[in-house]
1. Out of curiosity, is T78 of a type in the set (S, T, N, Q), open to solvent by 30 Å² or more (accessible area, probe 1.4 Å) and not in a helix (DSSP H, G or I)?
2. Based on what the data block shows, is A288 more than 19 Å from V106 (Cα to Cα), open to solvent by 50 Å² or more (accessible area, probe 1.4 Å), free of Cβ contacts under 8 Å to residues at least 12 places away in the same chain and not in a strand (DSSP E or B)?
3. Please specify each residue of region 235-275 satisfying the condition of being touching a His at 6+ places or on another chain (Cβ under 7 Å), more than 12 Å from L117 (Cα to Cα) and of a type outside the set (S, T, N, Q).
4. So, in region 49-68, of the ones that are open to solvent by 10 Å² or more (accessible area, probe 1.4 Å) and assigned to a loop (DSSP other than H, G, I, E, B), which residue ends up nearest to T298 (Cα to Cα)?
5. Within region 236-264, take every residue that is among the charged types (D, E, K, R) and in contact with a helix residue (DSSP H, G or I) (Cβ under 8 Å, 6 or more places away or on another chain) and give me the one that is least open to solvent (accessible area, probe 1.4 Å).
6. Could you grab the pairs with beta carbons closer than 6 Å, sequence gap of 6+ or different chains, first residue in region 59-78 and charged (D, E, K, R), second one open to solvent by 10 Å² or more (accessible area, probe 1.4 Å) and not in a loop (DSSP other than H, G, I, E, B)?
7. Scanning region 12-38 for residues that are touching a Ser or Thr at 6+ places or on another chain (Cβ under 7 Å), within 23 Å of Q80 (Cβ to Cβ) and not in a loop (DSSP other than H, G, I, E, B), which turns out most open to solvent (accessible area, probe 1.4 Å)?
8. Residues A118, A137, A98: which one is open to solvent by less than 50 Å² (accessible area, probe 1.4 Å) and within 23 Å of G21 (Cα to Cα)?
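The values are calculated or read from the model by the stated rules, or taken from the named source; none is laboratory data. What you see is a predicted model, and the numbers here were worked out from it, not measured in a lab. Ideal geometry is used to build each Cβ from the backbone, glycine not excepted, and the neighbour counts take in all protein chains shown. Only protein heavy atoms, including side chains, enter the accessible area calculation; ligands, DNA and RNA are left aside. Shrake-Rupley method; radii C 1.70, N 1.55, O 1.52, S 1.80 Å.
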Amino acid sequence: MGAVPEGEAWTPPATRELTAGSGRVLRYCCYGPADGLPVISLAGTPGTRWERPDVITAFEQAGLRVAAPDRPGYGGSTRQPGRTVASVAADVQMIAGAHGWPRFAVTGFSGGGPHALACAALLAGRVTCCAAVATPAPAGAAGVDFFAGRTPGQAEDFRLALRGEPALRPYLQARASDAMAQFEADGPAPPSGPAQTSSCASSQPAADPGRTARIRAMFLGGLDGWVDDDIALVRPWGFDLASISVPVSIWHGTHDTRVPRAHTDWLLAHLPTAQGHEHPDGHDPSDASYRQILGWITATAGPAT
């Protein structure tokens with residue numbers, strides 16, 4: 001659905017920019033109808049503000065106005081050394097303010113899930129609901145082994161992240177180079193390694209001519225962001241999960257090998273307003289499952305304000 005016909009040139013979605021008081025630049029894209037239900041979507045790790053045509057179609061058909069930012073260090077968003085997961089709340093609030101959104105929903109996929117939860121905790125007066133998809137538990141949390149059941153590559157990412165950037169960066173650089181080499185060799189086949197898209201919809205139209213640009217931006221243009229994401233995820237997140245009072249949905253794929261079920265169970269046990277949802281897919285939900293997630297946001301957040 002929504003794939004660009006093969007051979008048609010791809011034009012990147014229009015990029016918007018905001019500047020924080022420190023002079024730091026934040027880049028993001030907007031999708032869906034201008035009068036749609038406001039949602040801020042936080043990409044996986046690594047990920048970018050560029051969404052695929054089929055994902056954009058899903059936003060449009062769900063009636064959602066989605067702002068998708070590049071976290072600091074990705075794309076053209078200025079790096080923010082030492083950022084925590086909680087740091088995202090200030091950027092999300094800045095985007096919402098620029099659009100005049102007094103209330104909005106948040107969603108996050110994989111590495112973006114904890115960032116969405118941070119917004120639910122720290123912007124409780126403005127966030128209507130939060131959909132967290134394939135979301136890890138905090139590292140070091142009592143009652144869950146952060147590394148058990150993970151793929152070897154992802155486990156190594158986070159073990160090195162605990163040692164800091166000098167240990168982590170060379171490893172991620174090698175993973176990015178390997179992923180790009182495999183992508184260029186395989187053509188239509190998706191690369192192995194971390195999340196293959198900035199959103200959580202998994203089907204990847206082979207006739208989408210923008211795919212190469214997005215893969216390059218994700219793996220080669222966002223290494224600073226990837227480094228800082230991994231480090232932020234294994235350090236204290238900077239907010240209290242138990243303080244979240246808005247409706248939260250935690251989505252888990254029954255065949256997910258990147259974020260084990262134990263992480264989902266831990267989050268459900270420690271988030272007082274959370275409801276668990278399963279979908280019959282892997283780490284990335286199928287198109288049908290993704291539309292269920294968007295439907296939950298629409299039903300829970302209420303009409304656009």
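1. Values: of a type in the set (S, T, N, Q): yes; open to solvent by 30 Å² or more (accessible area, probe 1.4 Å): yes; not in a helix (DSSP H, G or I): yes.
In short, yes.
2. For A288, the condition - more than 19 Å from V106 (Cα to Cα), open to solvent by 50 Å² or more (accessible area, probe 1.4 Å), free of Cβ contacts under 8 Å to residues at least 12 places away in the same chain and not in a strand (DSSP E or B) - is met.
3. W251, G253, D256, R258, V259, R261
4. Of everything passing the filter in region 49-68, G63 is nearest to T298 (Cα to Cα).
5. Out of the qualifying residues, it is R258.
6. D70/R27
7. R27
8. Values: A137 fails: within 23 Å of G21 (Cα to Cα); A98 fails: open to solvent by less than 50 Å² (accessible area, probe 1.4 Å).
Criteria check complete, one pass: A118.
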